[in-house]
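The values are calculated or read from the model by the stated rules, or taken from the named source; none is laboratory data. The structure presented is a predicted model; accordingly, all values stated were derived computationally and were not measured. In this analysis, Cβ positions are derived from the backbone assuming ideal geometry, glycine residues included, and neighbour counts consider all displayed protein chains. Note: accessible area is taken over every heavy atom of the protein model, side chains too, but ligands, DNA and RNA are not part of it. Shrake-Rupley method; radii C 1.70, N 1.55, O 1.52, S 1.80 Å.
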Amino acid sequence: MSKLLVLTQPWPRVERLAGQLQQAGIPSLALPFSRIETLPQRPMALQAHDWVVVISPSAAETLLAQALPHDPAAPMPRFACVGPGTVEALRERLQAQAWPVPQLHWPAQHHDAQALMAAPFWGLLQGRRVLVARAERSKTAWAEWFAGQQASVTDVALYRQVVQVPDWERALTRLRPCIEHAGFTRLTWYISQESVVEPLVQQLGTAAIGPVLQRDLALVPHERIAAQLRRQGWTQTRLILPGASGLISAMQIRADH
């Protein structure tokens, strides 16, 4: 049975994800519905903070690209992330830039800003210095929340995510042979961002790529994305861990069955 995983993650991060899947032997097609635009910032001294809060994989990559190198004479901050996908991206970036293994914390179950704020690992934040690395339009309550904990917070918007309509003609040239294959039954889509659900469903509703579409399986890292897809008429969804490891596991399970 022919299988194809379609990725909708932001450009250029989707390229790296596609590379990880290729190494695992999983065929994928990058069809980004958004792109990351970095916002200029001064080089940031992460070790000047007690906590560094990282909101997304793109924030992790952008933060380390703009951070000052590790100083062996300075203490390491603790890192708090929304979920395991962000942890994975942050860990890989820190290792690539020769940082020592940090203390990484994230919520055990629900992977969103609310769950991160409610997590039990913060301890006493009074007088602590906190850096929040986020997208331009992501949740802005961090400064207020940390101020309520009597912490000193630096809230930095590192990038903006611009939703865009992908090049459908180019994508369909690659999709049609898979759909028309005699043994093909459906595509698998990885949808990890609420902002792309509506434009994706709208595009699929008018795309002439065969009878699969709303019967395709959508892999999503959050129940709220699955609920949003269902409201748009997408009936087949499955929750997985975010990031490459979750995708590889999910696709290998599908292959075994």
Here the qualifying pairs (Cβ atoms under 6 Å; residues six or more apart or on different chains; first in region 1-13 and more than 11 Å from Leu187 (Cβ to Cβ) and of a type outside the set (A, V, I, L, M); second surrounded by 18 or more Cβ atoms within 10 Å (Cβ to Cβ) and at pLDDT 85 or above) come out as Thr8/Ile191; Gln9/Leu17; Pro10/Ile36; Arg13/Ser58
Every listed condition ((1) open to solvent by less than 70 Å² (accessible area, probe 1.4 Å); (2) modelled with pLDDT under 90) holds for Arg170 save (1)
Requiring at least 2 residues that are in contact with a strand residue (DSSP E or B) (Cβ under 8 Å, 6 or more places away or on another chain) and of a type outside the set (A, V, I, L, M), the helices (runs of 4 or more DSSP H) wholly within region 83-158 are 84-96, 142-148
Exactly one of Ser245, Ser152 is at pLDDT 90 or above and either of a type in the set (Val, Ile, Thr) or surrounded by 13 or more Cβ atoms within 10 Å (Cβ to Cβ) (or both), and that one is Ser152
Of the residues in region 4-20, those that are in contact with a helix residue (DSSP H, G or I) (Cβ under 7 Å, 6 or more places away or on another chain) and either in a helix (DSSP H, G or I) or of a type outside the set (Ser, Thr, Tyr) (or both) come to Leu4, Leu5, Leu7, Gln9, Pro10, Arg13, Leu17, Gln20
query = Does Ala157 fit the bill of being under 26 Å from the mean Cα position of the chain (by Cα), at pLDDT 80 or above, closer than 30 Å to Leu46 by Cα and buried (at least 16 other Cβ atoms within 10 Å of the Cβ)?
reply = yes
Within region 83-106, the count of residues that are more than 11 Å from Val52 (Cα to Cα), surrounded by fewer than 21 Cβ atoms within 10 Å (Cβ to Cβ) and of a type in the set (S, T, N, Q) comes to 2
Scanning region 21-66 for residues that are modelled with pLDDT of 90 or more, open to solvent by less than 20 Å² (accessible area, probe 1.4 Å) and not in a helix (DSSP H, G or I), the one nearest to Ala151 (Cα to Cα) turns out to be Trp51
Condition set open to solvent by 10 Å² or more (accessible area, probe 1.4 Å) and assigned to a strand (DSSP E or B), scope region 67-82, selection nearest to Leu39 (Cα to Cα): answer is Ala67
Note on region 3-20: residues open to solvent by less than 30 Å² (accessible area, probe 1.4 Å) and of a type outside the set (A, V, I, L, M, F, W, C) are Thr8, Gln9, Pro10, Gly19
